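Throughout, read-outs are computed from the coordinates displayed, never taken from laboratory work. Everything numeric here is computed off the predicted structure, so don't read it as measured data. Counting neighbours? That spans all protein chains shown, and the Cβs are built from the backbone with ideal geometry, glycine included.
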Amino acid sequence: MKMSEDEKKRNAYGGHNFLVSIHHTEHYSFQGVIEWLDTGNKLHFRSELELLSLILEATRSDQVGLNTLRTWKDVQHLKTV
């Protein structure tokens with residue numbers, strides 16, 4: 001079975017891959033979009049805490065999340081870019 005170029009890159013670097021776009025800053029915090037490159041899901045984040053929570057959720061399967069922050073499950077319910 002032949003691997004695609006994306007699979008080769010993913011295997012070469014290992015881990016999880018994210019693309020973070022900062023759109024603006026307000027109240028000493030970043031707002032923007034994070035894309036989980038491994039799954040193709042995109043989600044707007046409203047603060048650094050929310051950004052870190054999304055990354056933590058993606059990289060740790062046993063994390064217990066806070067109800068006030070978005071999760072990757074919210075992608076189905078929200079409009080994405």
Next on the checklist: Please compute the modelled spin-label separation between Lys42 and His24, points set 7 Å along Cα→Cβ, answer in nm with one decimal.
Outcome noted: 1.8 nm
Item to check | Phi to ³J(HN,Hα) by Karplus 6.51 cos²θ - 1.76 cosθ + 1.60 over the range 39-54, Hz, x for Gly, Pro | outcome: 10, x, 6, 10, 8, 6, 10, 9, 6, 4, 4, 5, 4, 5, 5, 5
Checklist outcome for this item: One finds, for Asn17 and Arg60 with R0 = 22 angstrom and r their Cβ-Cβ distance, a FRET efficiency to the nearest 0.05 of 0.90
Checklist entry - With contacts defined as alpha carbon pairs under 8 Å and 6 or more residues apart, what's the relative contact order of the range 16-76 in percent? => result 25 percent
Next on the checklist: Rounded to the nearest 20 debye, what is the charge dipole size of the range 16-76 about its Cα centre when +1 sits on each Lys and Arg Cβ and -1 on each Asp and Glu Cβ?
Outcome noted: 80 debye
